[in-house]
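Everything on this sheet refers to the single structure shown next.
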Amino acid sequence: MDQQRLDELAQDLVHRHRLPGIAVGVLDGDRRTVAAAGLRNWFTGDLATTDTLFQIGSLTKMYTATLIMQLVDQGRVDLDDPVLAYLPDLRLLGDPDLTAVTVRSLVTHTSGIEGDSFFDTGRGDDAISLIIPRLAQLGLIHEPGARWSYCNTGFVLAGRIIEVVTGLPWHRALTERIVEPLGVQTPLAVLDDVISHRVAVGHVGEPGRWTPARLATMPWSQAPAGSRSFGSVEDLLAFAALHCDLGQAPDGARILTAASVKLMQSHVADQPMSLTRGQGIGWFLLDECPDLILAHAGDTAGFAALLVVVPDRKVAVASLVNTSAGVGANFEAAFGLLHEVAGVDATPPGSIEPGLPMPDLAGIVGDYRRVGEAASVRLADGSDRLAITLVSHDELRGTREARLTLRHLSGPLFVDVEDPSSLPYEFTAPEVDGRSQYVVVGARLLRRSD
C-alpha cells in the first residue's frame with residue numbers, strides 16, 4: 001500500500017464524510033501501512049495521529065473470543081460445556097433450564113439469552129462478577145442454539161468465565177495473555193491506563209456542531225463485550241495478523257493453536273439475512289467463497305470501528321473514526337481498500353438479495369418484546385407500509401420512544417423511510433397461525449407478545 005495514497009484517502013474521507021478524525025490502516029503480507037487525518041479533538045483543534053487511541057467498542061468481542069480459545073487450547077475450557085459448569089450461580093428470569101446454554105453459544109450469539117444487560121455494578125475488578133445476580137432480570141428470547149440474536153450478555157458471561165478460570169480480572173487477562181505477547185500496547189480498558197496515551201474524543205451530534213461524548217459511556221460490567229476498550233489502528237492490524245498467521249505472534253510465540261484459529265473462522269451459525277453470510281466464533285463471515293472474509297465492527301457513543309480480514313491472503317483493513325456517524329466512512333475505507341490492495345470484492349454487511357416478494361402484512365402486524373425493548377407494528381394508513389413504535393428502557397439511558405414508518409425492501413426486510421441506510425427490520429417467516437413470531441431490530445430478536 002502506497003503511503004501517500006493512504007494519506008490522501010484518509011484526508012478525503014474526513015472531507016467528504018465530514019468526520020472529526022480518522023485513522024485507517026492496511027495489512028498486506030508482513031507490511032502495515034497506517035494513516036490519520038482530521039482532528040483527535042475538534043474542540044481543541046488537536047490533530048489525529050496514527051498512534052491516537054479510539055474506542056473500539058464491540059471489536060473487543062474478538063479479543064474475548066480469542067481468550068476463550070486460549071483456554072480451550074490449554075484444556076481448561078470446553079466449548080461444549082454448559083456455562084453452569086463455570087458459573088453455577090447463573091440464573092435467568094423465570095428460572096429456565098440453562099443446561100443447553102454452552103460456552104460455544106456465548107461466543108456465537110446463539111445462547112438465547114436476552115442480549116443487553118447494561119447494569120452498572122461499579123468500576124472495581126469485581127464489576128463483572130457482580131453482574132451475575134443482576135442477570136436474573138433477563139430471560140431467554142429463544143431456545144439455546146435454535147436462533148441467532150446479537151448478545152452482549154453472552155460475551156460478558158464469557159469474560160466472567162475467563163476470570164474464573166484464570167484467576168485474573170478480565171482486563172488483566174487481556175493484557176497478559178494477548179496484548180503483551182503480541183508486543184503491542186492496546187487495547188486498554190482501564191481509563192487510568194488509557195489517559196496516558198493520545199486519546200481521541202468522541203463526537204456526537206451534527207458535523208460542525210459536535211458535542212463531546214463521555215470518555216466511557218458504558219458500565220465496566222460490559223467490558224468483555226466492548227464498553228471500555230481503546231485501541232490504535234496499528235495494534236488492530238497486529239491482532240488481524242495473529243489471525244492470519246494461525247495464532248503465531250511476530251516473535252514466534254504461540255498465542256493460539258492453528259486449529260483454534262481455523263475453528264474461529266468456520267461457519268457455525270446463520271445470521272439474519274439483513275446482516276452477513278454467517279457466524280464464526282466471534283467473527284462475522286462476510287463471504288466464504290472464493291475468499292474467506294472475516295469482519296467485526298464496534299459502535300459506541302461518539303466512535304465507530306471496523307476490522308475486515310482476508311486471512312488466506314494475509315490482508316486486512318482497520319478503520320477508526322471518532323463520531324458515531326462514521327460507519328459509512330469505515331465501510332468505504334475497508335471495502336475500497338480490500339479491492340485496491342488485493343482485488344477482493346467483499347459484500348458489506350446488510351447487502352441483500354433484491355426483488356423478493358413482500359410477505360403478508362397481516363401476519364406481521366402485532367406486538368413484539370424483549371427485556372428493555374418493545375415494538376408495536378401496525379399497518380400504516382391506506383398503504384402497504386408499516387408503522388412501528390419502539391419503546392426502549394435501560395439503566396443507562398432511561399426510556400426512549402421512536403415512531404417510524406417502514407417500507408418494503410425485499411422479502412421479509414423493511415427499512416425506515418427516513419433513514420434507509422440503517423439496518424433493516426426483518427420479520428421471521430410465519431410459524432404459528434400464519435404470523436411472524438420474531439422481528440429483528442438492530443440485530444436483536446424481539447418475540448411476539450400478543
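The values are calculated or read from the model by the stated rules, or taken from the named source; none is laboratory data. Here the structure is a predicted model, which means the values were calculated and not measured. Here the Cβ is made from the backbone with ideal geometry for all residues, glycine too, and neighbour counts use every protein chain on show.
What residue, of ASP30, ASP97, ASP73, ASP46, is under 29 Å from GLY202 (Cα atoms), more than 24 Å from the chain's Cα centre (by Cα) and charged (D, E, K, R)? Show your work before the answer.
Details: ASP30 fails: under 29 Å from GLY202 (Cα atoms); ASP97 fails: under 29 Å from GLY202 (Cα atoms); ASP73 fails: under 29 Å from GLY202 (Cα atoms).
It is ASP46.
Report, by residue number, each residue of segment 426-443 that is of a type outside the set (Val, Ile, Thr), touching a residue at least 24 places away in the same chain (Cβ under 8 Å) and either part of a loop (DSSP other than H, G, I, E, B) or closer than 10 Å to PRO272 by Cα (or both).
Answer for segment 426-443, where residues must be of a type outside the set (Val, Ile, Thr), touching a residue at least 24 places away in the same chain (Cβ under 8 Å) and either part of a loop (DSSP other than H, G, I, E, B) or closer than 10 Å to PRO272 by Cα (or both): GLU426, PHE427, ALA429, PRO430, GLY434, SER436, GLY442, ALA443.
Please find, among GLY302, GLY247, GLY226, GLY278, the residue that is free of Cβ contacts under 8 Å to residues at least 24 places away in the same chain and within 30 Å of ASP125 (Cβ to Cβ).
GLY247
Go through segment 419-438 residue by residue and tally those that are polar (S, T, N, Q) and at pLDDT 90 or above. Give the steps one after another, and end with the answer.
Step one: filter segment 419-438 for residues polar (S, T, N, Q), giving 421-422, 428, 436-437.
Next, only the ones that are at pLDDT 90 or above stay: 428, 436-437.
Count: 3.
With the requirement that a residue be over 16 Å from ALA240 (Cβ atoms) and hydrophobic (A, V, I, L, M, F, W, C), what does segment 55-68 give you?
Residues satisfying the conditions are LEU67, ILE68.
For segment 366-392, give me the residue count where each residue is surrounded by 15 or more Cβ atoms within 10 Å (Cβ to Cβ) and out of contact with any strand residue (DSSP E or B) (no Cβ under 7 Å at 6 or more places or on another chain).
1
So for segment 253-264 (the condition being under 21 Å from ALA158 (Cα atoms), of a type in the set (Lys, Arg) and surrounded by 20 or more Cβ atoms within 10 Å (Cβ to Cβ)), does at least one residue qualify?
no
Which residues, taken from segment 178-214, are of a type in the set (S, T, N, Q) and surrounded by 14 or more Cβ atoms within 10 Å (Cβ to Cβ)?
If the condition is that a residue be of a type in the set (S, T, N, Q) and surrounded by 14 or more Cβ atoms within 10 Å (Cβ to Cβ), then GLN185, THR186 are the ones that fit.
Across segment 31-56, which residue is surrounded by the fewest Cβ atoms within 10 Å (Cβ to Cβ) among those that are touching a residue at least 60 places away in the same chain (Cβ under 8 Å) and part of a loop (DSSP other than H, G, I, E, B)?
PHE43
How many of the residues in segment 294-319 are in a helix (DSSP H, G or I) and touching a strand residue (DSSP E or B) at 6+ places or on another chain (Cβ under 7 Å)?
The qualifying residues number 1.
Do the conditions hold for HIS393, that is, is it of a type outside the set (Ser, Thr, Tyr) and closer than 30 Å to LEU13 by Cα?
It is false that HIS393 is of a type outside the set (Ser, Thr, Tyr) and closer than 30 Å to LEU13 by Cα.
Can you go through ARG378, ARG407 and tell me which one is closer than 21 Å to GLN437 by Cβ and either more than 26 Å from the chain's Cα centre (by Cα) or in contact (Cβ under 8 Å) with a residue 60 or more places away in the chain (or both)?
Details: ARG407 fails: closer than 21 Å to GLN437 by Cβ.
Answer to the selection: ARG378.
Can you spot a residue in segment 320-342 that is in contact with a His (Cβ under 8 Å, 6 or more places away or on another chain), part of a loop (DSSP other than H, G, I, E, B), at pLDDT 95 or above and of a type outside the set (Ser, Thr, Tyr)?
Yes, that holds for at least one residue.
Please determine, by comparing only the residues of segment 276-291 that are among the aliphatic types (A, V, I, L, M) and assigned to a strand (DSSP E or B), which one is surrounded by the fewest Cβ atoms within 10 Å (Cβ to Cβ).
By that ranking, first place goes to LEU285.
From the residues in segment 229-243 that are assigned to a helix (DSSP H, G or I) and touching a strand residue (DSSP E or B) at 6+ places or on another chain (Cβ under 7 Å), which one is surrounded by the fewest Cβ atoms within 10 Å (Cβ to Cβ)?
Here the answer is GLU234.
Please determine, by comparing only the residues of segment 425-448 that are touching a Gly at 6+ places or on another chain (Cβ under 8 Å) and surrounded by fewer than 17 Cβ atoms within 10 Å (Cβ to Cβ), which one is farthest from SER392 (Cα to Cα).
GLY434
Which of (1) in contact with an Asp or Glu (Cβ under 8 Å, 6 or more places away or on another chain); (2) closer than 20 Å to PRO430 by Cα does LEU379 not meet, given it meets every other one?
LEU379 satisfies all of (1) in contact with an Asp or Glu (Cβ under 8 Å, 6 or more places away or on another chain); (2) closer than 20 Å to PRO430 by Cα except (1).
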